[in-house]
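Q: Sharing a structure below in structure tokens format, with a few things to ask.
Just so it is clear, none of the values below were taken in a lab; they were calculated from the coordinates. The model shown is predicted, which means the values in this text are computed figures rather than measured ones. Because the Cβ atoms are built from the backbone with ideal geometry, glycine has one as well, and the counts that use them run over all protein chains shown.
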Amino acid sequence: MANLKQRLVEDTKRAIAANREEVKQSDDELAILEARLKVEKRFYAMKDIDKGLKEDVKYSVQALEAMLAMERNRNAELKKDARILEYRSRVIEKIDNDDF
């Protein structure tokens, strides 16, 4: 291939851009899940709701807590991947073309 370094630089830049978009979407999803959880917890705390309905809301709270935990883990992994991509980009930039 003609210029491997340039190809690696371009591929890494595309990966960084895609990662940033995923992190943004994950951050947005976290905010939405946190808001939904807050609403469900307040709904569950209401004293004048039917017991059957209260039981459904309890399971809804539990499901939202699990979803929130999974999204937090995903978000942390995406941010770790972003750091790796940034370091990889710097390494590629420092390597001479002749070393490829």
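Q: Suppose the chain between Arg7 and Glu29 were pulled fully straight at 0.36 nm per residue; how much longer would it get relative to their current alpha carbon spacing?
A: Full extension of this stretch gives 4.6 nm more.
Q: Here is a further query. Could you pull out the trypsin sites (Lys or Arg not before Pro) across the chain that fall in loop regions by DSSP (anything but H, G, I, E, B) with no more than 11 other Cβ atoms inside 10 Å?
A: Lys47
Q: Relative to the longest principal Cα axis of the chain, at what angle does helix 4-45 sit, 0 to 90 degrees, rounded to 10?
A: For helix 4-45, the angle is close to 10 degrees.
Q: OK, next. Kindly express, to the nearest 10 degrees and within the range 0 to 90, the angle between helix 51-94's C-alpha long axis and the longest C-alpha principal axis of the chain.
A: The answer is roughly 10 degrees.
Q: Give me the number: length gained by fully extending Glu55 to Asn97, i.e. 0.36 nm times residue separation minus the C-alpha to C-alpha distance, one decimal in nm.
A: 8.7 nm
Q: Answer with a single label: of (1) 135; (2) 107; (3) 84, which was calculated as volume of the Cα convex hull per residue in Å³ from the structure in view?
A: Working out volume of the Cα convex hull per residue in Å³ from the coordinates points to (3).
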